[in-house]
Amino acid sequence: MIHYFTSHFATLRLEFWPLLVGGLASGFIYSMVAIGYTLVYGVLRLINFAHSEIFMSGGFASLFLLRAVVGNSQPSGFESVLLVGLGVLAGAVAGGLVAVLVERVAYRPLRRRRAPALAYLISAIGASYFLFNLAGKEFGRNYYTLPILFINRPVFSIFGASVQLYYLVVAGAGAAMLVLLDRVVAKSRLGRGIRAVAQDAETASLMGVNIDRTIVLTFLIGGALGGAAAFLYGIQSGVIYTMGFTPALKAFTAAVLGGIGNIRGAVLGGLLLGVVESLSVAFVSGAYIDVVAFSVLVAVLLFRPTGILGERLGRAA
(Lines give C-alpha, C1' and ligand atoms only; values in the text may rest on other atoms or scores of the structure.)
Protein backbone atom coordinates (compact mmCIF):
# COMPACT_ATOMS: atom_id res chain seq x y z
CA MET A 1 0.00 0.00 0.00
CA ILE A 2 2.81 2.40 0.92
CA HIS A 3 4.60 1.55 -2.33
CA TYR A 4 1.35 2.22 -4.27
CA PHE A 5 0.93 5.74 -2.90
CA THR A 6 4.64 6.50 -3.14
CA SER A 7 4.79 5.57 -6.82
CA HIS A 8 1.60 7.49 -7.64
CA PHE A 9 2.76 10.59 -5.78
CA ALA A 10 5.97 10.44 -7.78
CA THR A 11 3.89 10.27 -10.97
CA LEU A 12 1.77 13.19 -9.80
CA ARG A 13 4.88 15.28 -9.07
CA LEU A 14 6.14 14.71 -12.60
CA GLU A 15 2.81 15.29 -14.33
CA PHE A 16 1.20 17.84 -12.00
CA TRP A 17 1.45 20.91 -14.23
CA PRO A 18 0.34 19.19 -17.46
CA LEU A 19 -2.61 17.64 -15.62
CA LEU A 20 -3.45 20.97 -13.99
CA VAL A 21 -3.51 22.81 -17.33
CA GLY A 22 -5.73 20.17 -18.93
CA GLY A 23 -8.01 20.12 -15.90
CA LEU A 24 -8.52 23.88 -15.99
CA ALA A 25 -9.49 23.69 -19.68
CA SER A 26 -12.13 21.05 -18.87
CA GLY A 27 -13.17 23.11 -15.87
CA PHE A 28 -14.04 26.14 -18.00
CA ILE A 29 -16.39 23.99 -20.08
CA TYR A 30 -18.03 22.53 -16.98
CA SER A 31 -18.42 26.02 -15.53
CA MET A 32 -20.18 27.35 -18.62
CA VAL A 33 -22.65 24.47 -18.63
CA ALA A 34 -23.12 24.66 -14.85
CA ILE A 35 -24.28 28.28 -15.19
CA GLY A 36 -27.43 27.02 -16.95
CA TYR A 37 -28.34 24.83 -13.99
CA THR A 38 -27.50 27.57 -11.52
CA LEU A 39 -29.54 30.32 -13.21
CA VAL A 40 -32.68 28.20 -13.61
CA TYR A 41 -32.44 26.86 -10.07
CA GLY A 42 -31.78 30.32 -8.67
CA VAL A 43 -34.92 31.75 -10.31
CA LEU A 44 -37.34 28.79 -10.30
CA ARG A 45 -35.86 26.50 -7.63
CA LEU A 46 -35.98 23.73 -10.25
CA ILE A 47 -33.36 21.69 -12.09
CA ASN A 48 -33.53 21.89 -15.88
CA PHE A 49 -33.10 18.23 -16.81
CA ALA A 50 -33.23 19.10 -20.51
CA HIS A 51 -29.98 21.08 -20.23
CA SER A 52 -27.93 18.20 -21.66
CA GLU A 53 -29.91 18.39 -24.91
CA ILE A 54 -29.62 22.18 -24.97
CA PHE A 55 -25.85 21.62 -24.82
CA MET A 56 -26.06 19.05 -27.63
CA SER A 57 -28.05 21.40 -29.88
CA GLY A 58 -25.24 23.95 -29.69
CA GLY A 59 -22.74 21.34 -30.82
CA PHE A 60 -24.75 20.40 -33.90
CA ALA A 61 -25.48 24.03 -34.83
CA SER A 62 -21.78 24.91 -34.79
CA LEU A 63 -20.97 21.73 -36.73
CA PHE A 64 -23.39 22.43 -39.57
CA LEU A 65 -22.56 26.12 -39.84
CA LEU A 66 -18.80 25.62 -39.86
CA ARG A 67 -19.02 22.79 -42.39
CA ALA A 68 -21.01 25.08 -44.66
CA VAL A 69 -18.50 27.92 -44.27
CA VAL A 70 -15.19 26.05 -44.19
CA GLY A 71 -15.83 23.00 -46.34
CA ASN A 72 -12.54 21.17 -46.94
CA SER A 73 -10.29 24.23 -46.82
CA GLN A 74 -7.71 24.94 -44.13
CA PRO A 75 -8.24 28.44 -42.69
CA SER A 76 -5.35 30.81 -42.05
CA GLY A 77 -4.48 32.20 -38.62
CA PHE A 78 -6.79 35.22 -38.70
CA GLU A 79 -9.56 33.21 -40.36
CA SER A 80 -9.27 30.64 -37.56
CA VAL A 81 -9.95 33.32 -34.96
CA LEU A 82 -13.03 34.47 -36.85
CA LEU A 83 -14.26 30.90 -37.30
CA VAL A 84 -13.82 30.10 -33.61
CA GLY A 85 -15.90 33.17 -32.84
CA LEU A 86 -18.47 32.03 -35.39
CA GLY A 87 -18.61 28.58 -33.84
CA VAL A 88 -19.10 30.02 -30.36
CA LEU A 89 -21.84 32.31 -31.70
CA ALA A 90 -23.62 29.48 -33.56
CA GLY A 91 -23.57 27.26 -30.49
CA ALA A 92 -24.77 30.09 -28.26
CA VAL A 93 -27.66 31.06 -30.54
CA ALA A 94 -28.84 27.46 -30.95
CA GLY A 95 -28.49 26.68 -27.25
CA GLY A 96 -30.32 29.85 -26.27
CA LEU A 97 -33.19 29.26 -28.70
CA VAL A 98 -33.66 25.63 -27.65
CA ALA A 99 -33.58 26.69 -23.99
CA VAL A 100 -36.32 29.28 -24.64
CA LEU A 101 -38.36 26.61 -26.45
CA VAL A 102 -38.00 24.26 -23.47
CA GLU A 103 -39.16 27.02 -21.13
CA ARG A 104 -42.18 27.81 -23.28
CA VAL A 105 -43.26 24.20 -23.77
CA ALA A 106 -42.14 22.33 -20.64
CA TYR A 107 -42.16 24.99 -17.91
CA ARG A 108 -44.45 27.95 -18.60
CA PRO A 109 -47.77 26.04 -18.92
CA LEU A 110 -47.07 24.30 -15.62
CA ARG A 111 -46.01 27.52 -13.94
CA ARG A 112 -49.26 29.23 -14.90
CA ARG A 113 -51.22 26.32 -13.45
CA ARG A 114 -49.08 26.36 -10.28
CA ALA A 115 -48.26 22.70 -10.81
CA PRO A 116 -46.33 20.74 -8.16
CA ALA A 117 -42.56 20.40 -8.48
CA LEU A 118 -42.85 16.77 -9.59
CA ALA A 119 -44.76 17.87 -12.71
CA TYR A 120 -41.87 20.14 -13.74
CA LEU A 121 -39.45 17.25 -13.26
CA ILE A 122 -41.48 14.91 -15.47
CA SER A 123 -42.03 17.60 -18.10
CA ALA A 124 -38.32 18.46 -18.29
CA ILE A 125 -37.33 14.80 -18.57
CA GLY A 126 -39.92 14.37 -21.32
CA ALA A 127 -38.49 17.35 -23.21
CA SER A 128 -35.01 15.91 -22.78
CA TYR A 129 -35.97 12.52 -24.22
CA PHE A 130 -37.84 14.15 -27.09
CA LEU A 131 -34.87 16.30 -28.11
CA PHE A 132 -32.44 13.42 -27.58
CA ASN A 133 -34.32 11.02 -29.85
CA LEU A 134 -35.16 13.73 -32.39
CA ALA A 135 -31.46 14.54 -32.77
CA GLY A 136 -30.58 10.87 -33.08
CA LYS A 137 -33.15 10.38 -35.82
CA GLU A 138 -32.50 13.56 -37.78
CA PHE A 139 -28.72 13.88 -37.43
CA GLY A 140 -27.72 10.21 -37.28
CA ARG A 141 -26.12 8.21 -34.51
CA ASN A 142 -22.47 8.54 -35.49
CA TYR A 143 -19.69 10.84 -34.34
CA TYR A 144 -19.05 13.93 -36.47
CA THR A 145 -15.83 15.89 -36.33
CA LEU A 146 -15.78 19.65 -36.51
CA PRO A 147 -13.71 21.21 -39.31
CA ILE A 148 -10.07 21.71 -38.33
CA LEU A 149 -9.99 25.40 -37.46
CA PHE A 150 -6.42 25.52 -36.17
CA ILE A 151 -3.45 23.24 -35.64
CA ASN A 152 -3.37 22.31 -31.97
CA ARG A 153 0.26 22.91 -31.08
CA PRO A 154 2.12 23.96 -27.92
CA VAL A 155 2.19 27.74 -27.56
CA PHE A 156 4.33 28.09 -24.44
CA SER A 157 5.31 26.13 -21.33
CA ILE A 158 4.56 26.58 -17.63
CA PHE A 159 6.91 24.71 -15.29
CA GLY A 160 7.57 22.25 -18.07
CA ALA A 161 3.91 21.79 -19.01
CA SER A 162 3.10 22.56 -22.64
CA VAL A 163 0.05 24.81 -22.98
CA GLN A 164 -1.75 23.73 -26.14
CA LEU A 165 -3.51 26.22 -28.38
CA TYR A 166 -6.79 24.42 -27.69
CA TYR A 167 -6.44 25.12 -23.98
CA LEU A 168 -5.95 28.82 -24.68
CA VAL A 169 -9.02 28.93 -26.94
CA VAL A 170 -11.19 27.27 -24.29
CA ALA A 171 -9.82 29.33 -21.40
CA GLY A 172 -10.01 32.61 -23.32
CA ALA A 173 -13.53 32.13 -24.63
CA GLY A 174 -14.79 30.65 -21.38
CA ALA A 175 -13.27 33.31 -19.13
CA ALA A 176 -14.56 36.14 -21.33
CA MET A 177 -18.13 34.85 -21.30
CA LEU A 178 -18.14 34.04 -17.59
CA VAL A 179 -16.77 37.47 -16.60
CA LEU A 180 -19.29 39.18 -18.88
CA LEU A 181 -22.16 37.22 -17.34
CA ASP A 182 -20.99 38.03 -13.83
CA ARG A 183 -20.95 41.75 -14.62
CA VAL A 184 -24.35 41.59 -16.33
CA VAL A 185 -25.95 39.89 -13.33
CA ALA A 186 -24.19 42.21 -10.86
CA LYS A 187 -24.63 45.58 -12.58
CA SER A 188 -27.30 45.56 -15.31
CA ARG A 189 -31.04 46.10 -15.12
CA LEU A 190 -31.56 42.54 -16.35
CA GLY A 191 -29.27 41.25 -13.62
CA ARG A 192 -31.19 43.17 -10.96
CA GLY A 193 -34.41 41.65 -12.30
CA ILE A 194 -32.95 38.14 -12.16
CA ARG A 195 -31.74 38.65 -8.60
CA ALA A 196 -35.09 40.13 -7.56
CA VAL A 197 -37.06 37.19 -8.97
CA ALA A 198 -34.62 34.75 -7.37
CA GLN A 199 -35.09 36.44 -4.00
CA ASP A 200 -38.87 36.91 -4.04
CA ALA A 201 -40.80 36.59 -7.30
CA GLU A 202 -44.09 37.90 -5.92
CA THR A 203 -42.55 41.06 -4.49
CA ALA A 204 -40.50 41.56 -7.66
CA SER A 205 -43.71 41.41 -9.70
CA LEU A 206 -45.30 44.09 -7.48
CA MET A 207 -42.21 46.26 -8.05
CA GLY A 208 -42.71 46.12 -11.81
CA VAL A 209 -40.44 43.23 -12.81
CA ASN A 210 -41.86 41.20 -15.70
CA ILE A 211 -41.56 37.67 -14.29
CA ASP A 212 -42.15 35.78 -17.54
CA ARG A 213 -39.67 37.93 -19.46
CA THR A 214 -37.04 37.54 -16.75
CA ILE A 215 -37.43 33.77 -16.67
CA VAL A 216 -37.22 33.52 -20.47
CA LEU A 217 -34.03 35.62 -20.49
CA THR A 218 -32.60 33.45 -17.70
CA PHE A 219 -33.16 30.33 -19.81
CA LEU A 220 -31.75 32.14 -22.84
CA ILE A 221 -28.52 33.12 -21.08
CA GLY A 222 -27.99 29.70 -19.54
CA GLY A 223 -28.74 27.95 -22.82
CA ALA A 224 -26.43 30.26 -24.76
CA LEU A 225 -23.51 29.51 -22.45
CA GLY A 226 -24.23 25.79 -22.66
CA GLY A 227 -24.42 25.87 -26.46
CA ALA A 228 -21.16 27.82 -26.73
CA ALA A 229 -19.50 25.32 -24.39
CA ALA A 230 -20.66 22.48 -26.66
CA PHE A 231 -18.71 23.97 -29.55
CA LEU A 232 -15.56 24.25 -27.44
CA TYR A 233 -16.08 20.68 -26.22
CA GLY A 234 -16.74 19.41 -29.75
CA ILE A 235 -13.49 20.82 -31.13
CA GLN A 236 -11.64 17.99 -29.40
CA SER A 237 -14.32 15.38 -28.65
CA GLY A 238 -16.54 15.57 -31.73
CA VAL A 239 -20.31 15.93 -31.98
CA ILE A 240 -22.92 13.19 -31.48
CA TYR A 241 -26.50 13.14 -30.25
CA THR A 242 -25.38 11.62 -26.92
CA MET A 243 -22.68 14.24 -26.33
CA GLY A 244 -24.62 16.15 -23.69
CA PHE A 245 -25.12 13.37 -21.16
CA THR A 246 -21.77 13.16 -19.38
CA PRO A 247 -20.73 16.85 -19.59
CA ALA A 248 -24.14 17.93 -18.29
CA LEU A 249 -23.98 15.54 -15.35
CA LYS A 250 -20.50 16.77 -14.52
CA ALA A 251 -21.67 20.37 -14.86
CA PHE A 252 -24.52 19.62 -12.45
CA THR A 253 -21.91 18.19 -10.08
CA ALA A 254 -19.92 21.40 -10.48
CA ALA A 255 -22.99 23.54 -9.75
CA VAL A 256 -23.71 21.56 -6.58
CA LEU A 257 -20.04 21.63 -5.57
CA GLY A 258 -19.81 25.41 -5.83
CA GLY A 259 -23.32 26.06 -4.48
CA ILE A 260 -26.23 25.66 -6.85
CA GLY A 261 -27.91 29.00 -7.34
CA ASN A 262 -24.56 30.78 -7.05
CA ILE A 263 -22.98 31.93 -10.33
CA ARG A 264 -19.48 32.35 -8.98
CA GLY A 265 -19.91 29.07 -7.14
CA ALA A 266 -20.71 27.35 -10.44
CA VAL A 267 -17.51 28.75 -11.95
CA LEU A 268 -15.46 27.69 -8.92
CA GLY A 269 -17.09 24.26 -8.85
CA GLY A 270 -16.44 23.69 -12.54
CA LEU A 271 -12.76 24.61 -12.29
CA LEU A 272 -12.27 22.50 -9.16
CA LEU A 273 -14.02 19.51 -10.68
CA GLY A 274 -11.95 19.73 -13.85
CA VAL A 275 -8.72 19.86 -11.85
CA VAL A 276 -9.74 17.02 -9.50
CA GLU A 277 -10.71 14.86 -12.46
CA SER A 278 -7.45 15.54 -14.24
CA LEU A 279 -5.22 14.98 -11.20
CA SER A 280 -7.02 11.74 -10.39
CA VAL A 281 -5.46 10.25 -13.52
CA ALA A 282 -2.21 10.03 -11.58
CA PHE A 283 -3.84 7.75 -8.98
CA VAL A 284 -6.47 5.78 -10.91
CA SER A 285 -6.97 4.70 -14.49
CA GLY A 286 -8.38 7.23 -16.91
CA ALA A 287 -11.28 4.79 -17.35
CA TYR A 288 -12.47 5.74 -13.85
CA ILE A 289 -12.37 9.49 -14.32
CA ASP A 290 -16.18 9.73 -14.44
CA VAL A 291 -16.41 7.75 -11.20
CA VAL A 292 -14.26 10.38 -9.52
CA ALA A 293 -16.58 13.17 -10.69
CA PHE A 294 -19.71 11.52 -9.36
CA SER A 295 -17.98 10.52 -6.13
CA VAL A 296 -17.35 14.24 -5.63
CA LEU A 297 -21.09 14.87 -6.10
CA VAL A 298 -22.03 12.26 -3.49
CA ALA A 299 -19.43 13.61 -1.03
CA VAL A 300 -20.67 17.19 -1.41
CA LEU A 301 -24.30 16.16 -0.94
CA LEU A 302 -23.35 14.21 2.19
CA PHE A 303 -21.08 16.73 3.90
CA ARG A 304 -21.96 20.17 2.48
CA PRO A 305 -25.23 20.06 0.50
CA THR A 306 -25.25 23.87 0.04
CA GLY A 307 -21.87 23.74 -1.73
CA ILE A 308 -18.67 25.66 -1.12
CA LEU A 309 -20.13 29.17 -1.52
CA GLY A 310 -23.78 28.39 -0.79
CA GLU A 311 -26.83 29.86 -2.54
CA ARG A 312 -26.77 33.59 -3.27
CA LEU A 313 -28.24 34.44 -6.67
CA GLY A 314 -30.89 36.56 -5.00
CA ARG A 315 -28.30 38.75 -3.24
CA ALA A 316 -26.34 41.61 -4.69
CA ALA A 317 -22.95 40.56 -6.07
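The values are calculated or read from the model by the stated rules, or taken from the named source; none is laboratory data. The structure displayed is predicted, hence computed values, not measured ones. Cβ atoms come from the backbone with ideal geometry, glycine included; neighbour counts cover every protein chain shown.
Listing for the model above:
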quantity: Residues of the stretch 265-297 that turn out to be out of contact with any helix residue (DSSP H, G or I) (no Cβ under 7 Å at 6 or more places or on another chain) and at pLDDT 85 or above, as a count; calculated: 1
quantity: Some residue of the stretch 208-215 being touching a helix residue (DSSP H, G or I) at 6+ places or on another chain (Cβ under 6 Å), assigned to a helix (DSSP H, G or I) and of a type in the set (Lys, Arg); calculated: no
quantity: Test: residue in the stretch 272-288 that is part of a helix (DSSP H, G or I), β-branched (Val, Ile, Thr) and crowded, with 17+ Cβ neighbours inside 10 Å; calculated: yes
quantity: Hey, residue 171 of a type outside the set (D, E, K, R), part of a helix (DSSP H, G or I), touching a helix residue (DSSP H, G or I) at 6+ places or on another chain (Cβ under 8 Å) and closer than 14 Å to residue 223 by Cβ or not; calculated: no
quantity: Residue check, residue 204 in a helix (DSSP H, G or I), out of contact with any strand residue (DSSP E or B) (no Cβ under 7 Å at 6 or more places or on another chain) and touching a residue at least 40 places away in the same chain (Cβ under 8 Å); calculated: no
quantity: Of all residues in the stretch 81-108 being surrounded by fewer than 18 Cβ atoms within 10 Å (Cβ to Cβ) and not aliphatic (A, V, I, L, M), the one that is nearest to residue 43 (Cα to Cα); calculated: 108
quantity: Hits in the stretch 243-264 (condition: over 17 Å from residue 228 (Cα atoms) and polar (S, T, N, Q)); calculated: 253, 262
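The rows are residues; the columns are (1) among the small types (Gly, Ala, Ser); (2) crowded, with 17+ Cβ neighbours inside 10 Å.
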position: 153; (1), (2): no, no
position: 158; (1), (2): no, no
position: 163; (1), (2): no, yes
position: 170; (1), (2): no, yes
position: 174; (1), (2): yes, yes
position: 177; (1), (2): no, yes
position: 192; (1), (2): no, no
